[in-house]
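Values quoted throughout were computed directly from the atomic coordinates according to the rules given, and no laboratory measurement underlies them. In this text the structure is predicted, and so the values were computed from the model without any measurement. With ideal geometry, Cβ positions are generated from the backbone for all residues, glycine too; neighbour counts draw on all protein chains shown.
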Amino acid sequence: MSAATPGRVGATAERDGAGTPPPPATPAEIPPPDGRSRPRGRITRSGDFDAVYQRGRSAAGRHLVLYAFARPDAPADAPPRLGLSVSRKVGGAVERNRVKRVLRERFSALAPGLPPGTDYVAIARPGIADYLEERGSGAVGERLAELAARLAPPAGTEGSS
């Protein structure tokens, strides 16, 4: 192969990475434009899931189970966080990822009306992928909102211990 091969101009520089910094490893490492750290709004640690399961309250429907736990150590302005559990019984990888994406989107729309500093864990039951396909993401969002409303603290009890 000669150095004048079309489409290969600068291939050595691209391969060696000369002049360009390596891209960040994950999207979470990309800083937001204003330079602040971005709150993830997700539960990822096993201990956080355990706390929600063991000390939280739950509400269940045909396609979803939702747990909620008000974190006592959370700052007053901490946004609500969501953890997801979508097993292989729900469907293949494509179906599971679609269910997770829809639940995250719908939760983010609900989040401003939810109590701050509260952790939620949504467990998708088998059949939710079919329900999502038949009824759409709006129906799944409505079910999520209904469960969240059932778990909301009674009026007048917020902030008292």
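Of note:
- Label-point separation in nm, Ala109 to Ala145, each point 7 Å along Cα→Cβ: 0.7 nm
- Temperature 20 °C, viscosity 1.002 mPa s: under these conditions the Stokes-Einstein estimate for segment 46-151, based on its Kirkwood radius over C-alpha pairs, is 155 µm² per second.
- Taking amide H positions as modeled 1.01 Å from N, with prolines and chain starts lacking one, no residue 5 or more places away or on another chain lies under 5 Å from Ala74.
- Note on Ala59 and Glu133: with the Förster distance fixed at 25 Å, the Cβ-Cβ geometry gives a FRET efficiency of about 0.55.
- Using the Karplus relation 6.51 cos²θ - 1.76 cosθ + 1.60 with θ = phi - 60°, the per-residue 3J(HN,Hα) values for segment 62-76 come to 5, 10, 9, 10, 10, 9, 9, 8, 7, 6, x, 8, 6, x, 4 Hz, with x marking Gly and Pro.
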